[in-house]
Ligand code: FES
């Protein structure tokens, strides 16, 4: 190895003209690797702690969301629903369109109106007694909200409905 090479990689410790960087950064190669490993362990430990914390926060948030109590909201009347077979409402917020239907079997069911494929609005197809999405001909079973045709693969969230006298109230969402 020439003197210049030794001087550059720091091997020429006793050289009178040793590189200036050696005095500015006096870490040996072995020490340098040790520092890198230590930094790596620190990084991994910190990363693990952060990931654990993030998982814990997500779990708590999910739990809170599930235990979330939905508001009771008046959505219409039984007589109105029986007259027109279906009615539209928004629940739990004004941003969430829903549909309630008196099915061909005479059951009262309600679902989110947002198609689980690409979020078009589903409508009631009275002839076939199913919920239909006109965007890509998706369709859902009226009694369970399960997909029965077209591209959707997930069922529609069900809206829980209570009847009080002639009034219909939405009381929750079953995802
Ligand atoms: S958005 Fe409903 S089927 Fe595609």
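Since every read-out is calculated from the coordinates, none of them should be taken as a lab result. Since this is a predicted model, take the numbers as computed values, not measurements. Here the Cβ positions follow ideal geometry from the backbone for every residue, glycine too, while neighbour counts run over all protein chains shown.
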Globularity index of region 73-174, i.e. its alpha-carbon radius of gyration over 2.2 N^0.38 Å: 0.99
Over region 95-162, what is the mean sequence separation of C-alpha contacts under 8 Å (at least six apart), divided by residue count, expressed as relative contact order in percent? 28
Ranked on Cβ counts within 10 Å of their own Cβ, fewest leading, 168, 143 go 143, 168
Using eta = 1.002 mPa s and T = 20 °C, Stokes-Einstein with Kirkwood Rh from Cα pairs puts D for region 69-118, in µm² s⁻¹, at 183
Set the Förster distance to 22 Å, then compute FRET efficiency between residue 96 and residue 162 from the Cβ-Cβ distance, nearest 0.05. 0.80
Mean projected area (nm²) from the convex hull of Cα positions in region 118-175 is 4.6
So for the pair residue 85, residue 43, with labels modelled 7 Å out along Cα→Cβ, what separation do we get in nm? 6.4
